[in-house]
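S.K.: Mind having a look at this structure? Questions to follow.
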Amino acid sequence: MTRVAVIGAGSIGLAIAWRAAHAGAAVVVHDPAPGSGASRVAAGMIAPATETHYGEQALAPLMAASADAWPAFAADLEQATGLDVGFCDVPTLVVGLDDADRAEVEHQADLYRATDRTVDTLTPRAARQTEPLLSHRVRGGLLAPGDRAVDPRVVHKALIIAAEHAGVQFHTAPVTDTTALDADQTVIAGGCGSAALEPWRLSVRPVRGVVLRLRAEGQAVPRTTVRGFVKGHPIYIVTRSDGEIVIGATSDERGFDTRTATAGAVHDLLRHAIELVPEIAEYHLDEVSVGFRPATPDNLPLLGRLDARTIAATGHYRNGIALIPATATAVAALIAGEDPDALRPFDPHRFTPGRTVKESHQ
Ligand SMILES: Cc1cc2nc3c(=O)[nH]c(=O)nc-3n(C[C@H](O)[C@H](O)[C@H](O)COP(=O)(O)OP(=O)(O)OC[C@H]3O[C@@H](n4cnc5c(N)ncnc54)[C@H](O)[C@@H]3O)c2cc1C
């Protein structure tokens, strides 16, 4: 039986552990604080179209595969645990408030359409028919029917339960050196903490983000995920079926600044969200949270083999929730000795001068 050690009990590490245990491996997950990372903060968008950014087009096939795998993955997780993971099959609207914002939306449309996902242009009237809570000031936008969302906190909780049921063991001592673990295969899935792990010290940096969680108590809530630009500022509003509304997010290159959010950041997020959906002013503000997206120098994940016994599965940046199913499938293939072509753009050696995956196998 293959002995697999997974470093990190965020959603990425847990999904890998769960799938590996199902495939017959003896799996141990190492994490002193499971669920303390970005997976607890994320909004949960699964957005293969509207999370496309210039320079990151190589991610599109993996995002598409993962988004398409999510419905079955969520159903499996629900069956394994009895928990509703909040998979929300509603479309995403992208809107602009003023003329410049509307121009920005049109600019984004070309990028989104290059992913081959369906993206429809809407008139202001059609946008408000799709989402009646939109401000009358909104200047039209786009509809991405395949961009959906899930509740990342329930997903994380469910993954812990599913992994335990599948026989995964949990160790709480922090890992500093991957070579110290007694396993046939070691998977680095420590999010931003992956950068400190010897001997690899992977190129992952924290990108700080603030999100707000609000609650509707009887008020009407959006029936779509609303994204948009308000006077040039990007904003998103994700609504869960239990009445929770998540508003995000800031994005700062400030290292591990764990201080609470500034009043200005919270004010701007609320102001921009309320400009798009005025009803938000009536909701109750439950939580302000700060998290760290694990980013790499080219913003693509590190997903592949480092050497014959070590696999990298980290650096998922803004899309670590969306990429859970595809990452778990890819790592299962790597553990099984396969070398999927689809992982080429994510070679974890690409930032190590003079090193290639083939060399590291020798
Ligand atoms: C504000 C914000 C909004 C986001 N919104 C979305 C979204 O809408 N959709 C989406 O797809 N993604 C989103 N993301 C990104 C997503 O949250 C991350 O990409 C994803 O959670 C990464 O998961 P992970 O398991 O790799 O890391 P994490 O969830 O950070 O977990 C890493 C784990 O590793 C453990 N660890 C670290 N170092 C060690 C060590 N040395 N030894 C043992 N354990 C260790 C930590 O304790 C932690 O539990 C968002 C992120 C932020 C911050």
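The values are calculated or read from the model by the stated rules, or taken from the named source; none is laboratory data. Owing to the predicted nature of the structure, the values given are computational and were not obtained by experimental measurement. Every residue, glycine among them, receives a Cβ derived from its backbone with ideal geometry; neighbour counts consider all protein chains shown.
S.K.: Hey, does region 185-193 have a residue that's in the same structural domain as residue 320 (by TED's automatic domain parsing), within 7 Å of the ligand (Cβ to nearest atom), over 22 Å from the mean Cα position of the chain (by Cα) and within 15 Å of residue 32 (Cα to Cα)? Break it down stepwise before answering.
M.R.: If we filter region 185-193 for residues that are in the same structural domain as residue 320 (by TED's automatic domain parsing), which is where we start, we get 185-193.
Okay, now just the ones that are also within 7 Å of the ligand (Cβ to nearest atom), so 189-193.
Still in the list and also over 22 Å from the mean Cα position of the chain (by Cα): none.
Taking every residue of region 185-193 in turn, none turns out to be in the same structural domain as residue 320 (by TED's automatic domain parsing), within 7 Å of the ligand (Cβ to nearest atom), over 22 Å from the mean Cα position of the chain (by Cα) and within 15 Å of residue 32 (Cα to Cα).
S.K.: Still on this model: Residue pairs, Cβ under 6 Å, 6 or more apart or interchain, first in region 115-130 and more than 15 Å from residue 105 (Cα to Cα), second part of a helix (DSSP H, G or I) and hydrophobic (A, V, I, L, M, F, W, C). List them.
M.R.: These pairs meet every condition: 115/60.
S.K.: With respect to residue 69, determine if the residue is more than 14 Å from the ligand (Cβ to nearest atom) and in a helix (DSSP H, G or I).
M.R.: Here the answer is no, as residue 69 does not meet what is asked.
S.K.: If you check 314, 310, 327, 262, which single one turns out to be in contact with a His (Cβ under 9 Å, 6 or more places away or on another chain) and more than 30 Å from residue 106 (Cα to Cα)?
M.R.: After applying the criteria, what remains is 327.
S.K.: A follow-up question, please. In region 25-45, what residues are under 10 Å from residue 167 (Cβ atoms) and either near the ligand (Cβ under 9 Å from one of its atoms) or assigned to a loop (DSSP other than H, G, I, E, B) (or both)? Quick ask: steps written out before the conclusion?
M.R.: Quick first cut of region 25-45, residues under 10 Å from residue 167 (Cβ atoms) only: 25-27.
Within region 25-45, just 25 meets the criteria.
S.K.: Tell me whether region 3-17 contains one or more residues that are free of Cβ contacts under 8 Å to residues at least 60 places away in the same chain and either assigned by TED's automatic domain parsing to the domain that holds residue 163 or surrounded by fewer than 23 Cβ atoms within 10 Å (Cβ to Cβ) (or both). Walk me through how you get there before you give the answer.
M.R.: If we filter region 3-17 for residues that are free of Cβ contacts under 8 Å to residues at least 60 places away in the same chain, which is where we start, we get none.
No, region 3-17 contains no residue that is free of Cβ contacts under 8 Å to residues at least 60 places away in the same chain and either assigned by TED's automatic domain parsing to the domain that holds residue 163 or surrounded by fewer than 23 Cβ atoms within 10 Å (Cβ to Cβ) (or both).
S.K.: Continuing with this model, one more query. Is it the case, given these coordinates, that residue 245 is out of contact with any Gly (no Cβ under 9 Å at 6 or more places or on another chain), crowded, with 19+ Cβ neighbours inside 10 Å and hydrophobic (A, V, I, L, M, F, W, C)?
M.R.: The answer is yes for residue 245.
S.K.: Follow-up question, since we're still on this one. Output the number of the condition that residue 211 fails; it satisfies all remaining conditions of (1) over 27 Å from residue 83 (Cα atoms); (2) within 13 Å of the ligand (Cβ to nearest atom).
M.R.: Of the numbered conditions (1) over 27 Å from residue 83 (Cα atoms); (2) within 13 Å of the ligand (Cβ to nearest atom), the odd one out for residue 211 is (1).
S.K.: Let me ask something else about it. Report, by residue number, each residue of region 92-129 that is among the polar types (S, T, N, Q), crowded, with 18+ Cβ neighbours inside 10 Å and under 15 Å from residue 225 (Cα atoms).
M.R.: Answer for region 92-129, where residues must be among the polar types (S, T, N, Q), crowded, with 18+ Cβ neighbours inside 10 Å and under 15 Å from residue 225 (Cα atoms): just 92.
S.K.: Could you check region 297-334 and list, in sequence order, the residues that are small (Gly, Ala, Ser) and away from the ligand (no atom under 14 Å from the Cβ)?
M.R.: 304, 308, 332, 333 - these are the residues of region 297-334 that are small (Gly, Ala, Ser) and away from the ligand (no atom under 14 Å from the Cβ).
S.K.: Can you tell me which residue in region 46-66 is farthest from residue 157 (Cα to Cα), limited to those that are aliphatic (A, V, I, L, M) and part of a helix (DSSP H, G or I)?
M.R.: Checking each candidate, the answer is 58.
S.K.: Among what's in region 1-24 and is part of a helix (DSSP H, G or I) and near the ligand (Cβ under 6 Å from one of its atoms), pick the residue that is nearest to residue 157 (Cα to Cα).
M.R.: This residue is 11.
S.K.: How many of the residues in region 202-231 are modelled with pLDDT of 95 or more, more than 20 Å from the chain's Cα centre (by Cα) and assigned to a loop (DSSP other than H, G, I, E, B)?
M.R.: Looking only at that region, the number is 6.
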